Amino acid sequence: SLTYNQEFKDPELSKALVARIREKSARPLRIMEVCGTHTMAIFRYGIRSVLPDTITLLSGPGCPVCVTAQKDIDAYVMLARRPDVILTTFGDLMKVPGSGSSLAAEKAKGADVRMVYSIFDALSVAKENPDKEIVFCAVGFETTIPTIAGGILTAKAQGINNFSVYSANKLTPPALAALMETDGVEIDGFILPGHVSVITGPDAFAPSFEKYRIPAVVTGFEPVDILKALLMLVEQNASQAPRLVNAYPRAVADAGNPKARAIMDQVFEKADALWRGIGNIPDSGMVLRDLFHEVDAARKFDISIPDTPEPAGCDCGQILMGLKRPDQCRLYKKACTPIHPVGPCMVSSEGACAAFYKYSR
Ligand code: SF4
């Protein structure tokens with residue numbers, strides 16, 4: 001008998017699902033996976049190679065590092081250069097180039113930039129270094145923001161005054177809505193992010209589903225999860241009966257996690273945000289509320305940096321909107337490789353270009 005998780009890795013079940021997808025898909029379909037973890041899982045399990053030619057998989061704007069605006073990277077670089085600051089960050093952000101430098105380059109030049117796994121590690125650094133200012137680079141979606149909010153509440157409760165956060169946090173549903181409004185974007189189905197939906201619930205995607213009527217399935221990260229979602233999307237397209245489905249009920253409740261959302265909303269409020277390569281998206285960012293101004297690094301260090309254009313030739317924005325594939329970027333594998341990334345989609349382990357590079361050789 002199969003254990004719970006093995007069931008979702010079962011090769012026989014996967015084969016049967018692939019056969020049904022092949023049988024049911026008639027017309028060409030463009031299906032976007034929104035989450036970077038799905039992008040990686042799809043490559044890792046070789047799902048692209050077993051699908052019929054009629055299905056094109058696109059990677060959406062679901063990698064937080066990839067959509068962090070250059071101006072935010074520049075702000076992190078500026079903070080790292082301050083001798084009084086210890087900058088704490090998730091590892092993925094280190095190599096992302098801003099307009100002139102990266103955190104890795106600053107670290108190599110002597111800046112105190114430390115990799116952490118959570119905001120709580122950053123709080124420990126703050127306690128151990130009372131004569132320094134510790135800044136945490138907050139780059140995340142709904143999956144990560146509640147924990148960041150929890151860390152900020154802890155800092156406040158414990159009176160840790162040498163700690164602040166620069167928020168480049170972002171929300172997923174407004175990005176999908178913005179995508180649908182973009183000229184040239186054609187999507188026949190969404191594989192909605194499983195981890196984000198644990199917090200938001202599928203309901204967060206209902207407004208844009210109602211508006212655009214594009215089939216959408218929330219699913220998990222095992223091969224059976226992904227293939228099942230693909231089959232549902234193919235079937236909904238065939239029957240022209242679009243639905244918003246929660247196919248990941250073992251992790252995602254319809255209401256999401258209201259407690260986590262409450263903590264997030266206690267500390268942060270919505271604001272317009274700049275998405276790298278995509279542009280401004282209304283109400284898609286999460287900035288610190290006034291009540292928490294003393295932990296807001298942007299205010300504490302008076303940072304206001306203009307955005308700069310993307311590196312010439314980098315098509316990250318178009319890739320994140322499903323308008324291009326990574327191998328259609330003229331810098332791909334030439335000027336841009338994981339060792340020398342030009343754009344963020346090649347840096348992050350969940351970036352579409354990095355995934356393409358790693359698996360399509
Ligand atoms: Fe940007 Fe490099 Fe991807 Fe081209 S291959 S879109 S330059 S990250």
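The values are calculated or read from the model by the stated rules, or taken from the named source; none is laboratory data. The shown structure was predicted, so the numbers you read here are calculated from the model rather than taken from an experiment. Note that we place each Cβ from the backbone using ideal geometry, even for glycine, and neighbour counts take in every protein chain shown.
Select from segment 350-361 the residues that are surrounded by 24 or more Cβ atoms within 10 Å (Cβ to Cβ) and touching a residue at least 24 places away in the same chain (Cβ under 8 Å) and write down the one among them that is farthest from the ligand (Cβ to nearest atom).
Kept after step one, since they are surrounded by 24 or more Cβ atoms within 10 Å (Cβ to Cβ), are these residues of segment 350-361: 351-355.
Among the residues that remain, those that are also touching a residue at least 24 places away in the same chain (Cβ under 8 Å) are: 351-353, 355.
Working: Gly351: 7, Ala352: 7, Cys353: 3, Ala355: 11 Å.
Filtering segment 350-361 for residues that are surrounded by 24 or more Cβ atoms within 10 Å (Cβ to Cβ) and touching a residue at least 24 places away in the same chain (Cβ under 8 Å), the one farthest from the ligand (Cβ to nearest atom) comes out as Ala355.
Inside segment 332-349, can you point out the residues that are part of a loop (DSSP other than H, G, I, E, B), farther than 22 Å from Thr56 by Cα and within 9 Å of the ligand (Cβ to nearest atom)? Lay out the reasoning, then the answer.
The initial filter retains those residues of segment 332-349 that are part of a loop (DSSP other than H, G, I, E, B), namely 333-335, 337-343, 348-349.
Within this subset, residues satisfying the condition of being farther than 22 Å from Thr56 by Cα are 334-335, 337-343, 348.
Result: Lys334, Ala335, Thr337, Pro341, Val342, Gly343.
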message: Go through segment 89-108 and report how many residues are within 22 Å of His195 (Cβ to Cβ) and not in a loop (DSSP other than H, G, I, E, B).
response: 4
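Kindly indicate whether any position in segment 302-315 is in a helix (DSSP H, G or I) and out of contact with any strand residue (DSSP E or B) (no Cβ under 6 Å at 6 or more places or on another chain). First the steps, then the outcome.
Keep residues of segment 302-315 that are in a helix (DSSP H, G or I), which gives none.
No: segment 302-315 contains no residue that is in a helix (DSSP H, G or I) and out of contact with any strand residue (DSSP E or B) (no Cβ under 6 Å at 6 or more places or on another chain).
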- prompt: From the residues in segment 292-308 that are in contact (Cβ under 8 Å) with a residue 12 or more places away in the chain and surrounded by fewer than 14 Cβ atoms within 10 Å (Cβ to Cβ), which one is farthest from the ligand (Cβ to nearest atom)?
  reply: Glu294
message: So if I check each of Ile148, Ile152, which one is out of contact with any Phe, Trp or Tyr (no Cβ under 7 Å at 6 or more places or on another chain), crowded, with 18+ Cβ neighbours inside 10 Å and assigned to a helix (DSSP H, G or I)?
response: Ile148
Residue list for segment 1-33, restricted to those being at pLDDT 90 or above and closer than 30 Å to Val65 by Cα: Leu29, Arg30, Ile31, Met32, Glu33
- prompt: For segment 109-138, which residues satisfy the criterion of being part of a helix (DSSP H, G or I) and basic (Lys, Arg)?
  reply: Lys127
task: Please state which of the following conditions Pro207 fails to meet, knowing it meets all the rest: (1) closer than 30 Å to Val165 by Cβ; (2) in a strand (DSSP E or B).
output: (2)
query: Quick one: in segment 71-95, which of the residues that are touching a Ser or Thr at 6+ places or on another chain (Cβ under 6 Å) and modelled with pLDDT of 90 or more is nearest to Ile134 (Cα to Cα)?
result: Val77
task: For segment 264-286, name all the residues that are surrounded by fewer than 19 Cβ atoms within 10 Å (Cβ to Cβ) and part of a helix (DSSP H, G or I).
output: Asp265, Gln266
